[in-house]
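The values are calculated or read from the model by the stated rules, or taken from the named source; none is laboratory data. Note that the structure is predicted; figures quoted are calculated from it, not measured. All Cβ positions, glycine included, derive from the backbone under ideal geometry; neighbour counts span all protein chains shown. What goes into the accessible areas is simple: the full protein's heavy atoms, side chains included, and nothing from ligands, DNA or RNA. Shrake-Rupley method; radii C 1.70, N 1.55, O 1.52, S 1.80 Å.
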Amino acid sequence: MRTRFLSRRAIGALAAAGLVAALAACATNDPATPAPSSAAAAYPVTVGSVTLPAQPVKIVSLSPTTTEMLFAIGAGGQVVAVDDNSNFPANAPKTELSGFQPNAEAVAAKSPDLVVLSTDANNVVAQLTTLKIPVYVAPAAVTLEDTYRQLAELGTLTGHTAEATALAGQMKDDVAKLVKDLPKRATPLSYYYELDPTLYSVTSKTFIGSLFELAGLKNVADAADTKGSGYPQLTAESLVKSNPDLIFLADTKCCKQDLAAVQARAGWAGMTAVSKGQVVALDDDIASRWGPRVVDLIRAIVDAANKVPA
């Protein structure tokens with residue numbers, strides 16, 4: 001695994017893509033698909049190197065995260081096509097377009113007035129720019145502030161500034177509420193976060209790791225990152241020896257991992273997290289994206305930590 005947000009271990013290392021009150025209802029249910037807002041008077045608008053002369057009405061999203069963001073801020077009605085990995089919300093117009101191996105001609109065939117993606121694979125940005133198609137790049141987040149910024153920028157580009165601002169504000173409030181009431185512990189809980197069954201993990205320096213830090217958890221994978229990649233591969237021996245209090249599985253869909261699966265691994269049954277049933281099965285998609293549902297991931301982390309006696 002090297003960038004959990006872009007492919008699982010080079011697509012085995014990074015799960016295809018590297019995070020509640022009102023937001024939970026918005027994020028975990030299929031949002032409605034509202035019509036484009038009446039924001040035409042605000043144009044032209046510029047975000048970074050992207051300038052749009054008018055509100056876009058034919059958006060193509062080549063990233064599952066940006067697809068979620070677009071629908072969450074109310075721009076879903078302007079989206080005409082999304083990539084083959086964009087599976088949320090259910091009413092997103094999924095196509096055979098690829099975000100990993102994008103084909104500029106196939107994208108251009110959709111006649112988009114804005115393309116949104118997370119990585120410049122195949123040098124697609126330059127190709128689309130040559131075709132006079134505006135492209136906004138939303139790279140994998142490093143911090144929650146990156147998520148909030150991308151929401152704001154997409155809001156500006158699509159004519160949904162107010163909705164994006166409100167969503168980011170709700171996310172911030174929800175995160176603050178989730179971590180506020182965590183019990184104080186003399187010794188922080190330790191955890192292991194599994195990207196795939198070959199024991200690739202994340203360190204505290206990654207986006208995912210930063211979410212666990214919000215909950216005050218200690219990462220057992222940090223010591224294994226001798227190369228500083230942020231995505232070390234642990235050995236079974238070192239992991240069993242580290243004996244984490246909690247185990248989070250982000251490979252439940254891709255690799256069918258659960259409590260029973262880890263119990264069957266050699267030496268694992270005696271680990272604290274396993275013997276006490278403190279193994280959390282995460283949704284792979286939520287765990288690999290940095291959009292609005294990141295609050296759901298933080299909620300899962302906090303709920304798991306709260307269940308461990310202080």
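Let's see how each residue does on (1) at pLDDT 95 or above; (2) surrounded by fewer than 19 Cβ atoms within 10 Å (Cβ to Cβ); (3) among the aromatic types (F, W, Y); (4) assigned to a helix (DSSP H, G or I):
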site	(1), (2), (3), (4)
A141	yes, no, no, no
E145	yes, yes, no, yes
A166	yes, yes, no, yes
V179	no, yes, no, yes
Y191	yes, no, yes, no
Output for the range 70-83, where each listed residue is touching a strand residue (DSSP E or B) at 6+ places or on another chain (Cβ under 8 Å) and within 18 Å of S118 (Cβ to Cβ): L70, F71, A75, V79, A81, V82, D83
Condition met for P102 (part of a loop (DSSP other than H, G, I, E, B), open to solvent by less than 60 Å² (accessible area, probe 1.4 Å) and over 24 Å from G209 (Cβ atoms)): yes
Criterion: among the acidic types (D, E), touching a Lys or Arg at 6+ places or on another chain (Cβ under 7 Å) and either under 23 Å from L144 (Cα atoms) or buried (at least 18 other Cβ atoms within 10 Å of the Cβ) (or both) - qualifying residue of D251, D225, D284, D296: D284
Matching residues in the range 264-274 - criterion: being in a helix (DSSP H, G or I) and under 25 Å from D285 (Cβ atoms): A273, V274
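Given the condition among the acidic types (D, E) and either in a strand (DSSP E or B) or open to solvent by less than 40 Å² (accessible area, probe 1.4 Å) (or both), answer yes or no: does some residue in the range 59-77 qualify?
yes
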Inter-residue pairs, beta-carbon under 7 Å, first assigned to a strand (DSSP E or B) and in the range 113-137, second open to solvent by 50 Å² or more (accessible area, probe 1.4 Å), 6+ apart: L117/V137; V135/T129; V137/D120
Close pairs (9 angstrom Cβ cut-off, 6 or more residues apart or separate chains): closer than 14 Å to S118 by Cα in the range 41-66, basic (K, R) anywhere: V60/K110; S63/R289; P64/R289; T65/R289
Residues that are open to solvent by less than 40 Å² (accessible area, probe 1.4 Å) and farther than 30 Å from P64 by Cβ, drawn from the range 259-276: W268, M271, T272, V274
